[in-house]
Amino acid sequence: MLKTQVRPARDLRNNYAEIMRSLEQHDHVIITNNGVGESVLINIEDYAAYEEFLHHRFIYNELQKSKDEVTDPNTPLVDAADVFDRVKKKIAGRGL
């Protein structure tokens, strides 16, 4: 079961192994300095999952913006073939 612990910053030095065991259990650890929350430690796997979630959310939002633009009657649309032709010309002009 996921738990969140609140630990003072000095525990990073004095009780590092204990904190790492908590992270292995996928618990989250809030680090405080003078009683004020300063940072959060999470397991690297949890961090990777969080980054993936953020990436998916970003893509979803960008797709939603694109959908909104395409359905807006004031948005000028360009033929895809024309776009690719212009890209090919730019690439050819750079000698790539």
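Here are some notes:
- Global size of the stretch 15-64 as Cα Rg and Dmax, reported in angstrom: 14.7, 46
- Taking trypsin sites (Lys or Arg not before Pro) as exposed when DSSP calls them loop and at most 12 other C-beta atoms lie within 10 angstrom, the chain has its longest site-free stretch at 4-93.
- Against the chain, whose longest principal axis comes from its Cα atoms, helix 80-93 is set at around 80 degrees.
- Applying the Kirkwood pairwise sum to the alpha-carbon positions of the chain produces a hydrodynamic radius of 18.1 angstrom.
- Spacing of the two label points (7 Å from each Cα toward its C-beta) at residue 42 and residue 58, in nm: 1.5 nm
Values in this text are rule-based calculations from the coordinates and carry no lab data. Note that the coordinates shown come from a computational prediction; the quantities given were computed from them, not determined experimentally. Note that we place each Cβ from the backbone using ideal geometry, even for glycine, and neighbour counts take in every protein chain shown.
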